[in-house]
Amino acid sequence: MAILNCSKLSKYYGNKAALNGIDLSIEPGRIVGLLGPNASGKTTLIKICAGLLTPSSGEAYIGGMSPGIETKAVVSYLPENSYLNNWMKVSHMLAFFEDFYSDFNLAKAQEMLKNLGIDENQSLKSLSKGTKEKVQLILVMAREAKLYLLDEPIGGVDPAARDYILNTIIKNYNPEASVIISTHLIYDIEQVLDDVVFIKNGEIALNTPVDDLRENHGMSVDAYFREVFRC
Amino acid sequence: MTWQFSPDRPIYLQLQEQIKLMIVSGRHPPGGKMPAVRDLAENAAVNPNTVQRALTELEREGLLHSQRTSGRYVTEDKTVIEKTKSELASEIVEAFLKKMEAIGYSVKETADIIAGEAEVSSNGNT
């Protein structure tokens, strides 16, 4: 059964459509890139799936359920902007996640932090922007969720940190779970993806396996994206 | 090992080719155990399903076989490996001849150039 199923999903802000009749189904074990220019509706779609926004019409189902308390237990969401409180220590965040999510694997998170040489007693205030993003990704990926929603996980970090983040996503691959990654940094990410979904003005412009796109068009997803979204 | 992927072709095909090279060149010797899908994926920084697909294709070609509990192994059949090697050689030569043709050499002329070069390098070695 599909982990995520959207049917005729729409979201209006006033009379402007941010999402306009999205039909999308994502099977378990897939790593999917949600790609589109700024203001195309990527974050709106992710926020609806995370249960932070309600759709204006249509439905989103996660494991057959509408977004709510039950789905939040199986959806691990990395927001675009950090919500970490600067006065907290890394260890506070670990305790917080341990408390909040029954699927949080503390040992796994601790190991990932250790591999990066991040001391749990450090306060978040003392971490660089890149390190903070890594901590947040570690918290999100250390959950044993069914659906990971990563909103721009590689924006704003250096290429080495980017490699680390992509590696973490590969390392935590679980055939029972799916990962949705929204980004416009396609070049860096495309070899990690199974499928790409192009979103344009709130509508799905393309939904295809990466290797099919390369085979049919003889170009990378990045090059094809530039063609489809040429300004 | 550094993996290189060009942007214009499917990644699973390129993985398949590069693993094939490692088998033919003996980096993964006949009968040797292949790394797990997850390790290969991490190492090449690609999607695990893509690795799985490349390995399945190599199994179909008879270069790899999987044993249900213990993993995947390179074939022990050296004739399969030799056959793959000569197929690869033909592909490389064919591509090379095309390039030579593009700059105006016939196959015969190219062969002469190669014979000349071969003589020079064998003299150099002795």
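The values are calculated or read from the model by the stated rules, or taken from the named source; none is laboratory data. It should be emphasised that the depicted structure is a prediction, and the values quoted were computed from it without experimental measurement. Positions of Cβ are generated from backbone atoms using ideal geometry, with glycine treated the same way; all protein chains shown enter the neighbour counts. Heads up: the accessible areas ignore ligands, DNA and RNA and are worked out on the full protein's heavy atoms, side chains in. Shrake-Rupley method; radii C 1.70, N 1.55, O 1.52, S 1.80 Å.
Per the listing A:Glu98, A:Glu70, the residue uniquely more than 16 Å from the chain's Cα centre (by Cα), open to solvent by 60 Å² or more (accessible area, probe 1.4 Å) and at pLDDT 95 or above is A:Glu98.
Of the strands (runs of 3 or more DSSP E) that lie entirely inside the range A:1-54, those containing 3 or more residues that are of a type in the set (A, V, I, L, M) span A:16-26, A:31-35.
Is there a residue being within 12 Å of another protein chain (Cβ to nearest Cβ) and under 28 Å from A:Phe104 (Cβ atoms) anywhere in the range A:195-205? Steps first, please.
Filtering the range A:195-205 for residues within 12 Å of another protein chain (Cβ to nearest Cβ) gives A:195-196.
Imposing the further condition that a residue be under 28 Å from A:Phe104 (Cβ atoms) reduces the set to A:195.
Yes, because at least one residue in the range A:195-205 is within 12 Å of another protein chain (Cβ to nearest Cβ) and under 28 Å from A:Phe104 (Cβ atoms).
Within the range B:91-123, count every residue that is among the basic types (Lys, Arg) and farther than 30 Å from B:Lys20 by Cα.
Within the range B:91-123, residues that are among the basic types (Lys, Arg) and farther than 30 Å from B:Lys20 by Cα number 1.
When B:Gln67 is tested against (1) within 23 Å of B:Gln4 (Cα to Cα); (2) over 20 Å from the mean Cα position of the chain (by Cα), exactly one condition is not met: (1).
Listed here are the residues, each with its yes/no results for (1) modelled with pLDDT of 95 or more; (2) in the same structural domain as B:Met22 (by TED's automatic domain parsing).
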residue: B:Ala54; (1), (2): yes, yes
residue: B:Ser66; (1), (2): no, yes
residue: B:Gly71; (1), (2): no, yes
residue: B:Thr84; (1), (2): no, no
residue: B:Leu88; (1), (2): no, no
residue: B:Glu91; (1), (2): no, no
residue: B:Ile103; (1), (2): yes, no
residue: B:Glu117; (1), (2): no, no
residue: B:Val120; (1), (2): no, no
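Taking the numbered list (1) at negative phi; (2) open to solvent by 70 Å² or more (accessible area, probe 1.4 Å); (3) modelled with pLDDT of 95 or more in turn, A:Ser25 passes all entries but (2). Here is the figure for the range A:108-135: residues that are within 19 Å of the chain's Cα centre (by Cα), under 30 Å from A:Gly68 (Cα atoms) and surrounded by fewer than 20 Cβ atoms within 10 Å (Cβ to Cβ) total 1. Here is the figure for the range A:137-147: residues that are open to solvent by 10 Å² or more (accessible area, probe 1.4 Å) and either in contact with a Phe, Trp or Tyr (Cβ under 9 Å, 6 or more places away or on another chain) or within 11 Å of chain B (Cβ to nearest Cβ) (or both) total 1. Answer yes or no: is there a residue in the range A:165-175 that is more than 19 Å from the chain's Cα centre (by Cα), hydrophobic (A, V, I, L, M, F, W, C) and within 12 Å of chain B (Cβ to nearest Cβ). No, the range A:165-175 contains no residue that is more than 19 Å from the chain's Cα centre (by Cα), hydrophobic (A, V, I, L, M, F, W, C) and within 12 Å of chain B (Cβ to nearest Cβ).
Note on the range B:27-41: residues that are open to solvent by less than 50 Å² (accessible area, probe 1.4 Å) and touching a strand residue (DSSP E or B) at 6+ places or on another chain (Cβ under 7 Å) total 4.
Within the bounds of the range B:21-29, is there any residue that is of a type outside the set (A, V, I, L, M, F, W, C) and either touching a Phe, Trp or Tyr at 6+ places or on another chain (Cβ under 7 Å) or under 19 Å from A:Glu215 (Cβ atoms) (or both)?
No, because not a single residue in the range B:21-29 is of a type outside the set (A, V, I, L, M, F, W, C) and either touching a Phe, Trp or Tyr at 6+ places or on another chain (Cβ under 7 Å) or under 19 Å from A:Glu215 (Cβ atoms) (or both).
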